[in-house]
């Protein structure tokens, strides 16, 4: 077979496709992998050890990418329980920055947060309820990892050490949270 017999039909097909508005078929290109983090929302179970009390509750957070692997983070958590006959509640709001690394399905991260925690205590004494509340300011640092379950969903585990200063003392409260992440955007 002469080369002209193969080349001429190929050129004719390419021209016909171009005139019809269709591009010639090519091998599918690989999708580019996003290098930076995406905005996300997290919700799940949270545990903290505040003073000598073990408190269980919930955690919510959101992050928004800032530059490269750096994101702004806002974290809200509520913990509840009882200790020595008193009912305890702690509501904390902290904000800061998160640095994320990507490694396949696993995305470890480290973060530092500033904010405060509002702690309330209530106890029943002789049929009357006595309560007190105060706000402690401080910071939290720690990290965790996201395990990608799909394009938008991931499972997250995180650990924080919260350093709260109030009433002349420094409390170190460890916090552990597990839950799901929903990624926004593309």
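The values are calculated or read from the model by the stated rules, or taken from the named source; none is laboratory data. Since we're looking at a predicted model, the values are computed, not measured. A quick note on method: Cβ atoms are made from the backbone with ideal geometry, for glycine too, and the neighbour counts reach across all protein chains shown.
Among the residues making up region 71-88, those that are modelled with pLDDT of 95 or more and over 12 Å from the mean Cα position of the chain (by Cα) are 77, 78, 79, 80.
Within region 97-120, can you find the residues that are assigned to a strand (DSSP E or B), in contact (Cβ under 8 Å) with a residue 24 or more places away in the chain and either more than 18 Å from residue 172 (Cα to Cα) or in contact with a helix residue (DSSP H, G or I) (Cβ under 6 Å, 6 or more places away or on another chain) (or both)? Reasoning before the result, please.
Step one: filter region 97-120 for residues assigned to a strand (DSSP E or B), giving 97-100, 103, 106-120.
From what is left, the residues that are in contact (Cβ under 8 Å) with a residue 24 or more places away in the chain are 97-100, 106-120.
Of everything in region 97-120, those that are assigned to a strand (DSSP E or B), in contact (Cβ under 8 Å) with a residue 24 or more places away in the chain and either more than 18 Å from residue 172 (Cα to Cα) or in contact with a helix residue (DSSP H, G or I) (Cβ under 6 Å, 6 or more places away or on another chain) (or both) turn out to be 97, 98, 99, 100, 106, 107, 108, 109, 110.
Here residue 133 fulfils each of the conditions (1) surrounded by 14 or more Cβ atoms within 10 Å (Cβ to Cβ); (2) closer than 19 Å to residue 94 by Cα apart from (1).
Of everything in region 160-181 that's assigned to a strand (DSSP E or B) and surrounded by fewer than 13 Cβ atoms within 10 Å (Cβ to Cβ), which residue is nearest to the chain's Cα centre (by Cα)?
The first filter runs over region 160-181 and keeps only residues assigned to a strand (DSSP E or B), leaving 160-166, 169-181.
Imposing the further condition that a residue be surrounded by fewer than 13 Cβ atoms within 10 Å (Cβ to Cβ) reduces the set to 161, 169-170, 172.
Details: 161: 16, 169: 30, 170: 27, 172: 22 Å.
The selected residue is 161.
Just the residues that are buried (at least 19 other Cβ atoms within 10 Å of the Cβ) and closer than 15 Å to residue 77 by Cα, please, taken from region 136-155. Write out each step before concluding.
If we filter region 136-155 for residues that are buried (at least 19 other Cβ atoms within 10 Å of the Cβ), which is where we start, we get 136, 138, 140, 144, 146, 154.
Answer for region 136-155, where residues must be buried (at least 19 other Cβ atoms within 10 Å of the Cβ) and closer than 15 Å to residue 77 by Cα: 136, 138, 140.
Note on region 86-113: residues that are closer than 14 Å to residue 66 by Cβ and exposed (fewer than 15 other Cβ atoms within 10 Å of the Cβ) total 1.
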